[in-house]
Each structure stands twice: as C-alpha cells, then as structure tokens.
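Report on the following structure.
Bear in mind these aren't lab numbers, they're just calculated from the coordinates by the rules spelled out. On a predicted model such as this, the values are computed, not experimentally measured, just so you know. Backbone-built Cβ (ideal geometry, glycine too); neighbour counts: all protein chains shown.
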Amino acid sequence: MVVLAASVVNKSGKVLVSRQFVDMSSIRIEGLLAAFPKLVGMGKQHTYVETENVRYVYQPIEALYLLLVTNKQSNILEDIETLRMLSKIVPEYSYSLDEEGIGQSAFELIFAFDEVISLGHKENVTVAQVKQYCEMESHEEKLHKLVMQSKINETKDVMKRKANEIDKSKIERSRGDSKGGFMSLQSMSSGRIESNIMDMAISSAGLNTDVESFSIKPKVRPPSSATAPKGSGMQLAKKSQRTNQFLESLKAEGEMIVEDVQPKFGQTRSVAPPLTDPVTLTVEEKLSVTLKRDGGISNFDVQGTLSLQILNQEDGLIQVQIEHGGNPGVIFKTHPNMNKELFSNQNILGLKDPNRPFPTGQAGDAGVGLLRWRMQSNDESMVPLSISCWPTVSGNETYVSLEYEASSMFDLRNIVISIPLPALREAPAVRQIDGEWRYDSRNSVFEWSILLIDNSNRNGSMEFVLPPADTSAFFPISVAFSATSTYSDLKIANVIPLSGGPSPKYSQRVQLVAENYQVV
C-alpha cells in the first residue's frame, strides 16, 4: 500500500489541507484533487472512486471530505483503516469541522498526518500516541533554557553584590565627610523622610491590588553614639539611585523606613519576591487530600518545612526562636544538626555547635531545612475546601452541577478546579458560574477559577451542559489553591545573634499549597 496524499477538501474541490508522502509535483496533486468532486455524487454507496492511475478513498465529515489518494495496487482494507484513523485525528486538532477551523489548525493536522503515515505506509499508532508524539518536549531545549537561566541568575547575583559594595563604600564615605561639615545628618534625614512621604503618596494613588502576603519585621539598629555636626544645607537627590543611597544611610543610622511594594496587575500565581533581607525564613506546608465523590475523606496529609536562607556570611551565627499554635496533631522533627534539647525546652532552633555558622547561599537557593512537621487526620472538618459534583443525564444532554464549600480556617487564593470531560467538538455551555471558566480542548479539561475565597464567598456553584456522557467521566476532579496561613500556625518570634550586637534584619514567608488535592 502506498498513500500518495492525504487531504481535506470541501465539496466544490477547494483544497484546505494536503500532505504528500511521495515525490509529486504541485501541478499533479492539484489536478488530482480538482478532478475528485467530478467523480463523486453519482448515487453510488461506496466511499472510493478509481481512475486509470489512482484510487480515491474518502469519507464525508460534515460539509467537507477527508480524502486519501493512493495507487491502484494498494490494499483497500488498509486504506480504509488509515482513513478511519485520520477521521479520528481531525476532530482532535480542529475546534470546528469547517473551512475556518481546518485552516487555523492546518499545521497541527499536517504534523499529525505525518505521525500516522510515513513514506506512504501506515504506522501502527493510536490517537493517544499521536497526541503524545506531537506534544513531545525537547530535553535539549529544556537543558539549554536551564543553563541560560542559571547564567542570568548568576549575573544578577554578581550585580547585586557589586551594588551592595558600592552602597556600603558611599555610606562610609558620607560618614567620613560629615566630620568636616560637608552635610548635616539632620538635613539628610528630613530630606529623605520628605522624599519617602512623596513616594508613598504617589504609590497610594495607584491600583489597590492584593499583594503576596509575607510579613517583614525590620529590626532597628541602635543609633550611633557619634553626633554629626551641623552642615551648611541640604543636597537634593537628582536620580532614583541617589534616593536609594539616602535610604540606606537612614537605615544604617537607625531610621525605620517603610518600603512600598507595588503589586503586579493580573498576577494569578504565587511568585516569591526576590530576597533583599540578610535573613529569610520560609514556612511552607504542602497539603495532600483525597475526597470521595459521595462524601467523606480517604486521605488527609500535611507536610511542612521551615527553611533558612542567609545572604551574608557574617549573619550566619544566629538562633531562631519560633512560636506555634500547639496543635496536638502536628508532629515536629528537627534537623540532625539541631540542638533537640534547646528546641524542646525553649522552642529555639540552633546548631549543636554554637560556634558553627549556618551555611549561606544565593538568592535563588532553596535554603537550609531546619524543621519538618507532619499532620494526618480523618476528620472531614479539617478539609479547607469541599467539592460536590452532580452530573445528570436528561435526554440528549448532560447537566453537570458543581458546588464548593470553604472552611472558615483559611482565606484561599488562586483556586483552580479542573474537571475532566469526554472528547468534545465544542466547549460546554455554561449556564451559571461564580467566578471564571476556561475550556482546554487539547486536554479536554474544564477549569473553574476563583481569585479569592474569604468570608464574602465561602460557598459557590456553577452549572454547564454538554452532550450525553458517562457520569464517571467527570472524575477525578483536581483542585489547586494557596493560602497565607498554615495548620501548624508556626511563626518566627525572634532571630538571636550569637556573636553579639544587634539582631540582623529578617523576613518570614508563610504559605500553604495544595500539592495533591482530588475528588475521586
């Protein structure tokens, strides 16, 4: 069997997509396809037509024809089997079986035809294998992107270190110049505070959007004992770089500066802000829940970690004091290098050797794990979000009603409820929804998204309609969300320096993530 070409044409003979598998001139294939409509429509029941040189094997798909052009020596049974496979492929890649839909998905169809037919001969593949081959990702491309990203991150880290060194040297130089009466510290402080108030006023006039919640507790260093003499006046900043230098000067002299963080409009996923503080502590809990479609819970597991990231080596000699909610179901486990007795008695995390500093790392590192904990339960009231799905077949339609009920324990963010659907030619008709929806035709998944669930919308529902389908086809339902509070209610109480002096500035990030949350 040799397939010369696989094509999609309309009933007037217009070629929408055509893929040749042997060496043929464009004039010849255009002539063969132009002659096809004249040979069809004579009242015959079969779906093939023969001429002196070639055979046409075709199948109507709505207002179009799916056509195979083969030689007369090919096996007609193999040709029909190939045609059936292509007829299953076309609806998978074209959102509508008309000229516009075929034209927009022409390249995807050509790639899929190449997976089914190779050099004119049919390959032994299924529809699922064809989709997998067409979506195959390149390992070399991923590796190249990772290498490029690592180089970019390394360059950014070098730039940050150089900028910090330049800022430190300018601060030291300004302190030395102040002894000669170059500039008054009081005038610098008043000028910076006025500039900072103007920046805050401008920022407050912008869009009031929810920002990723992580608490920053700046520690105020004691003011210097040396008193700067009065200078001759105030020097105004000309650029934002000079403004940042004045801010650093005020921080070094003990002023508390509140920095305004601008949110990114339209941000739907939780993106951790870059590390700016010398010490960063991250509290993260990953939630795995399996709910039954008829009610009840079959699995509930929470795994949490507390990690530490230190940018500068001089801040490594520290201990971390924590507080937690005292939940009896939470079981804590410290790192083997931690002093377990110190943690048990005082809730302080410190190394067994107090003279040994914590390791430092770059801003993109995952940090050092200090503490782990785990909680398991069979209590359904511990579930933060319950999902109910009610598919009902009525005549030639299936009505699917979904409802969510959120617990008052957490305010959930960026909720996405993914419902698998049978293969459809068109998106389902949504009758009512609390939130937004999206239909992924490639993976046949309906996604229901809610930006925020708080006390104003603890309950919500939606309903959509699609052609008749088995009620079990809508499971398992997958759920993704995040929250800024945890089951352990673990918080950082203080960072204790062991080398003397003031406590280093630190920030803490708290996040609960649904890692594997399903309704089966």
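Would you mind estimating how fast region 371-429 diffuses translationally, via Stokes-Einstein at 37 °C and 0.692 mPa s with the Kirkwood radius over Cα pairs, in µm²/s?
Taking Rh from Cα pairs, D becomes 218 µm²/s.
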Once you sort the root eigenvalues of the Cα gyration tensor of region 88-149 as a ≥ b ≥ c, which label holds: rounded (a/c under 1.5), prolate (a/b larger than b/c) or oblate (the other case)?
oblate
Work from the charge dipole of region 81-130 (Cβ charges, +1 for Lys and Arg, -1 for Asp and Glu, about the Cα centre) and give the residue of 119, 106, 94 farthest towards its positive end.
119
Burial order of peptide ranges 299-305, 469-475 (average beta-carbon count within 10 Å, highest first)
299-305, 469-475
Give the shape of region 1-160 as rounded, prolate or oblate, defined through the alpha-carbon gyration tensor: a ≥ b ≥ c are the square roots of its eigenvalues, a/c under 1.5 means rounded, and otherwise the shape is prolate if a/b is larger than b/c and oblate if not.
prolate
Please work out how much length the chain gains when fully extended from residue 431 to residue 503, using 0.36 nm per residue of separation minus the C-alpha to C-alpha distance, in nm with one decimal.
20.2 nm
With a 19 Å threshold on alpha-carbon distance, the violating pairs from 88/122; 333/491; 38/122; 170/505 are 38/122; 170/505
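Let me make sure I get this right: for region 33-125, a, b and c are the square roots of the gyration tensor eigenvalues over alpha carbons, sorted descending. Under 1.5 in a/c it's rounded, otherwise prolate if a/b > b/c, else oblate. Which is it?
oblate
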Once you place label points 7 Å from the Cα toward the Cβ at residue 51 and residue 323, how far apart are they in nm?
8.6
Between residue 14 and residue 151, the two model label points (7 Å from Cα along the beta-carbon direction) sit apart by a distance in nm of 4.8
At residue 141 and residue 331, where each label point lies 7 Å from the Cα along Cα→Cβ, what is the point-to-point distance in nanometres?
4.5
For a bin width of 10 Å, list the pair-distance distribution of region 356-465 built from all Cα-Cα distances, rounded to whole %.
11, 32, 24, 19, 10, 4, 1, 0
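If R0 is 45 Å, what FRET efficiency do you get for residue 314 and residue 408 from their C-beta distance, rounded to 0.05?
0.50
Report the calculated FRET efficiency for residue 392 and residue 132 (r = Cβ-Cβ distance, R0 = 56 Å), to the nearest 0.05.
Plugging the Cβ-Cβ distance into 1/(1 + (r/R0)^6) gives 0.95.
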In debye, nearest 20: dipole of region 1-125 around its Cα centre with unit charges on the Cβ of K, R (+) and D, E (-)?
440
Report the convex hull volume per residue for region 305-345, counting only C-alpha atoms, in Å³.
101
Multiply the residue separation of residue 30 and residue 88 by 0.36 nm, subtract the distance between their alpha-carbon atoms, and state the gained length in nm to one decimal.
18.4 nm
Projected onto the charge dipole of region 325-427 (+1 at Lys/Arg Cβ, -1 at Asp/Glu Cβ, origin at the Cα centre), which of 373, 406, 327 gives the Cα projection farthest towards the positive end?
373
How much of the pair distance distribution for region 303-384 lies past 16 Å, counting alpha-carbon pairs only, in percent?
58
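In debye, nearest 20: dipole of region 80-167 around its Cα centre with unit charges on the Cβ of K, R (+) and D, E (-)?
Approximately 440 debye in magnitude.
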Peptides ranked, highest mean first, by Cβ atoms within 10 Å: ranges 412-423, 21-32
412-423, 21-32
